[in-house]
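One structure is given below, encoded as structure tokens.
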Amino acid sequence: MVLFWIAAVGCFAFGYYNTVMALRLFNAFGSAAGSWFLALIPLVMVFGGYLAAVRGKREMMYLYLAGELLFFVANLTYIYPQYLGRTLVNEEATVLKKRMDWMPGALDSIGSSNGTSSAVGRLQELRQHQTNLLTEIKYRGFGPNAKNELKKFNELAGSSYTQREDITTTAEKTNNLVDRWKRNTDQGIRDYLVRLNGNDMRAARMVAAKYDLDSLVDEYTPRIEEIIDDNSYVSIVTDSVRNNPQILTMKELTTKLDNIAISVNSAYGNTAIKPLVSGKETIAFPKTQKLGRIEHTLNSVWHRLGKLDTWGVIVICLLFDLLGPFLFYFYIRRPEDYYDEFPRTPWWKKRRGI
């Protein structure tokens, strides 16, 4: 009997502590002490209802179950992101990586079906000549090959850039030269887009989207791959989540990918590319920016019910918060005929000697 009581009280302590930790994420009453105080409400419901039910008031089991439901939700909110925070971040990074890999082909398909593929193709040629030019400058200086690439670039972009220096003596000077020509050619591509916009707005938007996407892929692919390969712990403390550099990176990328999608959709009057954040979702992508909150936990658990690790967390919370004490109850409760043999006397009657 005593052993089962100790086990039941241990489950209540487990539920209370994890509820305190979950409430800390909400900064209850603006202090750590606030979460300890607020968590007493379900604790009193659970322990009081359980004790009364064991002593014969079976209807008090409803109060116990209501308190345990609060414990279960709070414990799930705390334990689920603690255990699966890194997995959730990596999964969302993988989604973004697939999105980046898919979008170039989607833009090409939209451009081909709407007659803007030639403008997009010219952009691709400009980017290729730009890459070839910078590579030549970096490894061989401004020699004949670099001059030839610059000439082709000028012809396509309608620019008139000329080469002024072809000898670099130090790595620093070479890097400065590469950076300068990167800025020049980027400006040449932007000027091309401006001229194109005056002739064909739809083609201009498509080319601009393709240009932005190419730059975005170059910048974010290594950063997203680094997140995917990371196995470090992800803190679910509110400030840590808000300032987590990996989650901030995914948030930036999501915004930029959706801006490209919105620009293309507005040009063609359809929703060929569905944004990651539709505006109808309560939790905008990436969802891990709300890691540790009740809405994120419940939403994520619902969508990951097919995952074994999700069920592992659910079973642990159910076992400690509901099933364990509930099963112990059937052993430590008083027999049904106990109170018939030893009727209870209310305290106020005892005081009056009745």
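The values are calculated or read from the model by the stated rules, or taken from the named source; none is laboratory data. Quick caveat: nothing in here was measured; it's all calculated off a predicted structure. Ideal geometry is used to build each Cβ from the backbone, glycine not excepted, and the neighbour counts take in all protein chains shown.
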Only one of 297, 221 is closer than 17 Å to residue 77 by Cα and part of a helix (DSSP H, G or I); which?
297
Any residue at all in the range 113-125 that's more than 27 Å from residue 326 (Cα to Cα), at pLDDT 80 or above and over 17 Å from the mean Cα position of the chain (by Cα)?
yes
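Which residue, of 256, 280, 274, is in contact (Cβ under 8 Å) with a residue 24 or more places away in the chain and either at negative phi or crowded, with 19+ Cβ neighbours inside 10 Å (or both)? Step through it out loud before you land on a result.
Working: 280 fails: in contact (Cβ under 8 Å) with a residue 24 or more places away in the chain; 274 fails: in contact (Cβ under 8 Å) with a residue 24 or more places away in the chain.
Within the list 256, 280, 274, the selection yields 256.
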Unmet criterion (only one of (1) on the phi > 0 side of the Ramachandran plot; (2) assigned to a helix (DSSP H, G or I)) for residue 312
(1)
Given the condition surrounded by 19 or more Cβ atoms within 10 Å (Cβ to Cβ), over 30 Å from residue 125 (Cα atoms) and either among the charged types (D, E, K, R) or touching a residue at least 60 places away in the same chain (Cβ under 8 Å) (or both), answer yes or no: does some residue in the range 212-229 qualify?
yes
